[in-house]
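**Q** Below you will find the structure I want to go over with you.
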Amino acid sequence: MTEHIVIVGGGTGGSVLANDLADRLDAEIEAGDVRVTLVNDGPEQVYKPVWLYVPFGQREPEDGRRRLDELVDDAVDLRIDRVTDIDTENKRLRFRGGSPSVSYDYLVLATGSTLEPDQIPGLAEGGHDYYSESGAEDLREELLEFTEGELVLSVIGTPHMCPAAPLEFVFMADDWFRERGLREDVEITYTYPIQRVHGNPHIAEWAKPIMDERDINVETFFNAEEIDPDAKTITSMEGTDLDYDLLVTIPPHAGIDLIEEAGLGDDGWADVDKHTLEAEAAEDVYALGDTADTGVPNAGSVAHYQAGVVGQRLASEIRGRPATATYDGKTLCFIETGMDAASFVEFDYENPPSPAPPSQKLHWSKLAYNESYWLTARGLL
């Protein structure tokens, strides 16, 4: 009997895992003993870190898009469709439009997260973001016209994708305005919902002196409650009002309803063992990347490393061996500190981050990784 592995979600984690399995289980797939299916609700994969550079004219949105059929090994069945129901008891998936349901032996959820700006009154009308393609393009036009006034970057809720990206934006904006001779006429304010500038205390301790040195104003313990686009004010739950001329936000993020409806976790995040990535509420189900509630950052490197672990575990199970591979929380991230300098952090569950001194070399290393990302997605790096 052919054993069927279904991966839902064709982002970094899903595509890396699909290609990993195609390589790792090559003989079993060739013999017809294993089938791997990747389901995604669109034909393209989007590499979202590119969007940070779009507002500054450094990249175009199309630089972050590739067709999945060009990224995924031919041994993988690619299905462009939307899963509407997960029946973990009977191991079946249902699809939109009444398409025939599909059974699975092993299921991997890599469904990511979504933006929900409507959670905050006035946000959709009054704020700009670079966490979506259209948002990044709109912000590019706004920045080009912005020559003086109050620029506010507000992180609204956590967790969110690319945890370092809010810091990167204000560091890059500071440098960008300085290069154009406009920094003296532009005030930059950064808000964060807890009492430090980043969720990780070690990164916060590193970033705050840089912000002070560059005259980036900071408002911590600021949880945005409402935005008035006409008055151009943002009000926090704590009762603080900030005026702005240009508001850039990290919108609230949410998981996928499908996860909660299947009883796999609250708010769309799957409850998993943080080492094995196995779902706590169902057998033969894994989750990785943003989907998995492991406490590590919602970063592409996390999805990449987790995909390798899940691939090893699935191969062991298929072959009737004990699954011993575990995820140790490994995360790595480049952090832009301007238009031509960056830092780098690497950490795991046991070892906290210690950001490297910013350098031009690390900046170019980040750009080089962005360019080579598609090789990673294809399983070549």
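**Q** Explain nothing, just compute: Karplus ³J(HN,Hα) = 6.51 cos²θ - 1.76 cosθ + 1.60, θ = phi - 60°, for every residue of region 81-91 in order, whole Hz, x for Gly and Pro.
**A** 6, 10, 6, 10, 7, 10, 9, 6, 6, 9, 6
**Q** Moving on. Give me the accessible area per residue for region 84-191, probe 1.4 Å, as a whole number in Å².
**A** Values: 4500 Å² over 108 residues.
Solvent-accessible surface per residue comes out at 42 Å².
**Q** Which residue, chosen from A136, N217, L246, occupies the Cα position most advanced towards the positive end of the dipole of region 116-253, where the dipole is computed from +1 (Lys, Arg) and -1 (Asp, Glu) charges on Cβ about the Cα centre?
**A** N217
**Q** Give me the percent of DSSP beta bridges within the chain that run antiparallel, rounded to the nearest 5.
**A** 40 percent
**Q** Any idea what the relative contact order of region 299-381 is, in percent, if you count C-alpha pairs under 8 Å spaced at least 6 apart?
**A** Relative contact order, region 299-381: 20 percent.
**Q** Hey, what do the phi angles of region 161-171 turn into as Karplus ³J(HN,Hα) couplings, whole Hz, using 6.51/-1.76/1.60 and θ = phi - 60°, x for Gly and Pro?
**A** Using θ = phi - 60°, the values come out as 5, 6, x, 7, 4, x, 4, 4, 4, 5, 5 Hz.
**Q** Using alpha carbons only, how many degrees (0 to 90, rounded to 10) separate the axis of helix 360-377 from the longest principal axis of the chain?
**A** 30 degrees
**Q** Using alpha carbons only, how many degrees (0 to 90, rounded to 10) separate the axis of helix 133-145 from the longest principal axis of the chain?
**A** Approximately 20 degrees, to the nearest 10.
**Q** Can you send over the carbon and sulfur percentage of the accessible area for region 32-122, probe radius 1.4 Å, protein chains only?
**A** Carbon and sulfur: 38 percent of the exposed surface of region 32-122.
**Q** Using Cα pairs closer than 8 Å and at least 6 residues apart in sequence, work out the relative contact order for the chain, in percent.
**A** For the chain, the relative contact order is 18 percent.
**Q** Taking springs between alpha-carbon atoms closer than 10 angstrom, which of V83, V197, V155 fluctuates most in the Gaussian network model of the chain?
**A** Most flexible of the set in this elastic network: V83.
**Q** Here's a follow-up. Long-range amide H contacts for N298: which residues qualify at under 5 Å (H placed 1.01 Å from N, peptide plane, sequence gap of 5 or more or a different chain)?
**A** Residues meeting the amide H criterion: H160, C162.
**Q** Quick one: which residues, 5+ away or cross-chain, put their amide H under 5 Å from the amide H of G199? H built at 1.01 Å from N.
**A** Correct list: empty.
**Q** Which of T220, T111, T331 moves the most in a Gaussian network model of the chain with Cα springs under 10 Å?
**A** Looking only at T220, T111, T331, the largest GNM fluctuation is found for T220.
**Q** I'd like the GluC sites (Glu not before Pro) in region 33-103 restricted to DSSP loop residues with at most 13 other Cβ atoms within 10 Å, sorted by number.
**A** Filter output for region 33-103: E89.
**Q** How much accessible area per residue does region 314-363 have, in Å², with a 1.4 Å probe?
**A** That works out to 48 Å² per residue.
**Q** In nm, give the distance between the simple-model label positions of E213 and S134, each being 7 Å from the Cα along the Cα-to-Cβ direction.
**A** Calculated label separation equals 4.0 nm.
**Q** Once the piece of chain linking E44 and K274 is laid out straight, how much longer is it, given 0.36 nm per residue of separation minus the C-alpha distance between them?
**A** That works out to 79.9 nm of additional length.
**Q** Step through the residues of region 109-118 one at a time and calculate ³J(HN,Hα) from phi using the Karplus curve (6.51 cos²θ - 1.76 cosθ + 1.60, θ = phi - 60°), rounding each to whole Hz and writing x for Gly and Pro.
**A** These are the phi-based 3J(HN,Hα) values: 9, 10, 8, x, 9, 10, 8, 10, x, 5 Hz.
**Q** Tell me the relative contact order for region 116-253 as a rounded percent, counting alpha carbon contacts under 8 Å between residues six or more apart.
**A** 38 percent
**Q** Could you compute the FRET efficiency for E179 and S372, with r as their C-beta to C-beta distance and R0 at 30 Å, rounded to 0.05?
**A** On the way: r = 27 Å, r/R0 = 0.90.
Step by step, r from the Cβ atoms, then E = 0.65.
**Q** Would you please state which residues of region 155-171 a label at E238 would reach in this model, taking the label point 7 Å out along Cα→Cβ and a backbone N cut-off of under 17 Å?
**A** Hits in region 155-171 for E238 at 17 Å: 155-158.
**Q** Could you tell me whether region 116-253 comes out rounded, prolate or oblate from its Cα gyration tensor? Rule is a ≥ b ≥ c as square roots of the eigenvalues, rounded for a/c under 1.5, then prolate if a/b exceeds b/c, otherwise oblate. Mind showing how you got there, number by number?
**A** On the way: a/c = 1.36, a/b = 1.04, b/c = 1.31.
Rounded, since a/c falls under 1.5.
**Q** How many percent of the accessible area of region 186-256 is carbon or sulfur, using a 1.4 Å probe?
**A** 42 percent
**Q** Between the helical axis of 12-24 and the dominant principal axis of the chain, each derived from Cα atoms, what acute angle in degrees is found, rounded to the nearest 10?
**A** 30 degrees
**Q** Quick check: pseudo-label points 7 Å beyond the Cα along Cα→Cβ at L144 and S103, how many nm apart are they?
**A** Rounded to a tenth, the inter-label distance reads 5.7 nm.
**Q** Could I ask something else about it? So what's the gap between the Cα centers of region 49-92 and region 267-346, to the nearest angstrom?
**A** For region 49-92 versus region 267-346, the Cα centre distance is 17 Å.
**Q** Build a GNM of the chain with springs between Cα atoms under 10 Å: which of E213, E184, E116 gets the top mean-square fluctuation?
**A** Answer for the Gaussian network model of the chain: E213.
**Q** Quote the charge dipole size of the chain about the Cα centre in Debye, to the nearest 20; the model charges only the Cβ of Lys and Arg (+1) and of Asp and Glu (-1).
**A** 1340 debye
**Q** Sticking with this one: Check cross-link reach from K366 to the aspartates and glutamates: straight Cα distance under 13 Å, and skip same-chain residues fewer than eight apart.
**A** E168, E336, D340
**Q** Which is farthest toward the positive dipole end of region 116-253 among F177, P163, P117, measuring Cα position about the Cα centre, with Cβ charges +1 (Lys, Arg) and -1 (Asp, Glu)?
**A** Highest projection toward the positive end goes to P163.
The values are calculated or read from the model by the stated rules, or taken from the named source; none is laboratory data. Fair warning: this is a prediction, and the values are worked out from it, not measured in the lab. Cβ: placed from backbone, ideal geometry, glycine included. Neighbour counts: every protein chain shown. Ligands, DNA and RNA are stripped out before the accessible areas are found, and what is left, the full protein with its side chains, is counted by its heavy atoms. Shrake-Rupley method; radii C 1.70, N 1.55, O 1.52, S 1.80 Å.
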